[in-house]
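S.K.: After the structure tokens below, expect a handful of questions from me.
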Amino acid sequence: ILLVSAPGAGKTHHMSALRGRLEEEMQFDIHEFDGSSDILVTTALAEVLQRTMTSQSMQSQKLLILDEYHMLSDEHKDELFEWVRAKLGSELRVVLIANRSDSKDRERLEQIRPTGASQVKVALLQTRLSRLRIQQVMESRGNAERWRPAICDWLVASRLLFGEESVSLRLCDTLEALLESPEPRGALIELLLHRVPTVSRTSAVDFVDAYLQHEGFRRKTAFGNTLLGFCFRVAMQDVQSDELCSFVEFLSLTPKAHEAPPAVRLLAWACYVMNAKKTWDLNGLAAMWSKRHLFVDQVNFPFELAEEALGY
């Protein structure tokens, strides 16, 4: 099982609670490993897993729980699946816990899935933090009611643009404290860069400026006229229902999108949202199309350097 959800959603807590039942009621011999461990710098993953699974227990059924799976490199993930493929069956179950997954992870799961009759079952369980769940948690924690809508807007818009990794229930208190400050802009930019270190400062600044303008912290200016500002406005169309694919999910479901330039991919996602919501901002779309956008291409959200008008 590959269990995926945003940080702070309770994956590890759930597995810890479930562990007691599995050990006591089903007599599982359970072993855990942290995918972010420094030991992988000097030791092969297969060797580490073999050591981890060694025990004197007489229980026949073993369960490996590998937390922080998303922290493994592609090479380590491939090594992990080779090791699992050789051992998975009636004597070994495996649960991988991750904050995010990508198309390669889904390919690995499909490759390990048996084709004929087999006791081996493979599943991807993917959840996310909905606006409703965020509201419920803030209400139970006692977050100030005046800031709850703005906190939800940040988390939903961040998810839609940057993916599940950018959101966490742990951010509710942090965002409330920042929004209460006289000038939250700088701290919000640093918060976003910390949560999503692969985005550029240009993107972070544009996102935060568009967000503060939307929430009424700043008067309407040219902040929303950048590509990220436009995409933020488009994301706001789904901010209440919170039902559409994020940009990252959109890419995983449309593999050929990676063949297009980064700006075209972002505008394609924007068109997907506007079409789903039946609310088109054609002027904004045309304005974004008439600019030259400079990116360093990478997996998921591209690294934006700058944008400039083409003069027409």
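The values are calculated or read from the model by the stated rules, or taken from the named source; none is laboratory data. Predicted model only: the values in this text are computed from it and were never measured. Glycine gets a Cβ as well: all are built from the backbone with ideal geometry, and neighbour counts include every protein chain shown. To get the accessible areas, we keep the full protein, side chains included, count just its heavy atoms, and leave off ligands, DNA and RNA. Shrake-Rupley method; radii C 1.70, N 1.55, O 1.52, S 1.80 Å.
S.K.: For segment 273-282, does any single residue satisfy the condition of being within 24 Å of Arg185 (Cβ to Cβ) and either open to solvent by 30 Å² or more (accessible area, probe 1.4 Å) or at pLDDT 90 or above (or both)?
M.R.: Within segment 273-282, the first condition is being within 24 Å of Arg185 (Cβ to Cβ), and the residues that meet it are none.
Scanning segment 273-282, I find no residue that is within 24 Å of Arg185 (Cβ to Cβ) and either open to solvent by 30 Å² or more (accessible area, probe 1.4 Å) or at pLDDT 90 or above (or both), so the answer is no.
S.K.: Taking Arg218 as the residue in question, decide whether it is open to solvent by 40 Å² or more (accessible area, probe 1.4 Å), at pLDDT 90 or above and over 20 Å from the mean Cα position of the chain (by Cα). If you could, list the steps in order and put the result at the bottom.
M.R.: Working: open to solvent by 40 Å² or more (accessible area, probe 1.4 Å): yes; at pLDDT 90 or above: no; over 20 Å from the mean Cα position of the chain (by Cα): yes.
No: the conditions fail for Arg218.
S.K.: Can you name every one of the helices (runs of 4 or more DSSP H) wholly within segment 143-215 that holds 1 or more residues which are open to solvent by 20 Å² or more (accessible area, probe 1.4 Å), touching a Gly at 6+ places or on another chain (Cβ under 9 Å) and modelled with pLDDT under 95? Break it down into steps so the answer makes sense when it comes.
M.R.: Values: elements: 148-162, 171-179, 185-195, 201-214.
It comes to 201-214.
S.K.: Okay, next question. With Ile97, Ile30, Ile1 as the choices, which residue is over 25 Å from Val299 (Cβ atoms) and of a type in the set (Val, Ile, Thr)?
M.R.: Matching residue, one of Ile97, Ile30, Ile1: Ile30.
S.K.: May I pose another question? Do the conditions hold for Ser203, that is, is it within 19 Å of Phe295 (Cβ to Cβ) and under 21 Å from the mean Cα position of the chain (by Cα)? Step through it out loud before you land on a result.
M.R.: Numbers: within 19 Å of Phe295 (Cβ to Cβ): yes; under 21 Å from the mean Cα position of the chain (by Cα): yes.
The answer is yes for Ser203.
S.K.: Then there's this: Does Val95 satisfy the condition of being open to solvent by less than 20 Å² (accessible area, probe 1.4 Å), among the β-branched types (Val, Ile, Thr) and in contact with a strand residue (DSSP E or B) (Cβ under 8 Å, 6 or more places away or on another chain)? Spell out the reasoning first.
M.R.: Details: open to solvent by less than 20 Å² (accessible area, probe 1.4 Å): yes; among the β-branched types (Val, Ile, Thr): yes; in contact with a strand residue (DSSP E or B) (Cβ under 8 Å, 6 or more places away or on another chain): yes.
In short, yes.
S.K.: Pull out all pairs, ordered by first then second residue, where Cβ-Cβ is under 6 Å, the residues are six or more apart or on different chains, the first lies in segment 245-262 and is farther than 18 Å from Ala157 by Cβ, and the second is at pLDDT below 90 and open to solvent by 30 Å² or more (accessible area, probe 1.4 Å).
M.R.: Close Cβ pairs (under 6 Å, with a partner that is at pLDDT below 90 and open to solvent by 30 Å² or more (accessible area, probe 1.4 Å)) amount to Ser252/Ser103; Pro262/Asp297.
S.K.: Then there's this: When the residues of segment 129-142 are narrowed to those that are touching a helix residue (DSSP H, G or I) at 6+ places or on another chain (Cβ under 8 Å) and of a type in the set (Lys, Arg), which ends up most open to solvent (accessible area, probe 1.4 Å)?
M.R.: Here the answer is Arg141.
S.K.: Mind checking whether some residue in segment 136-150 is among the small types (Gly, Ala, Ser) and within 20 Å of Phe207 (Cβ to Cβ)?
M.R.: Taking segment 136-150 and keeping what is among the small types (Gly, Ala, Ser), we get 140, 142, 144, 150.
Pick out the ones that are also within 20 Å of Phe207 (Cβ to Cβ) and you get 150.
So far as segment 136-150 goes, yes, one or more of its residues are among the small types (Gly, Ala, Ser) and within 20 Å of Phe207 (Cβ to Cβ).
Let's see how each residue does on (1) at pLDDT 80 or above; (2) within 30 Å of Ile134 (Cβ to Cβ):
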{"site": "Leu2", "(1), (2)": "yes, yes"}
{"site": "Pro7", "(1), (2)": "no, yes"}
{"site": "Glu24", "(1), (2)": "yes, no"}
{"site": "Ala44", "(1), (2)": "yes, no"}
{"site": "Met71", "(1), (2)": "yes, yes"}
{"site": "Ala86", "(1), (2)": "yes, no"}
{"site": "Asp105", "(1), (2)": "yes, yes"}
{"site": "Gly116", "(1), (2)": "no, no"}
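S.K.: Moving to a separate point now. Which pairs do you get when a residue that is farther than 23 Å from Leu72 by Cβ and open to solvent by 80 Å² or more (accessible area, probe 1.4 Å), found in segment 16-45, comes within reach of a residue that is at pLDDT below 85 and not in a helix (DSSP H, G or I), reach meaning Cβ atoms under 6 angstrom, with the pair 6+ apart or on two chains?
M.R.: Qualifying pairs under 6 Å: Gln27/Gln59.
S.K.: Output the residues belonging to segment 283-299 that are open to solvent by 50 Å² or more (accessible area, probe 1.4 Å) and of a type in the set (Phe, Trp, Tyr).
M.R.: Passing the criteria: only Trp289.
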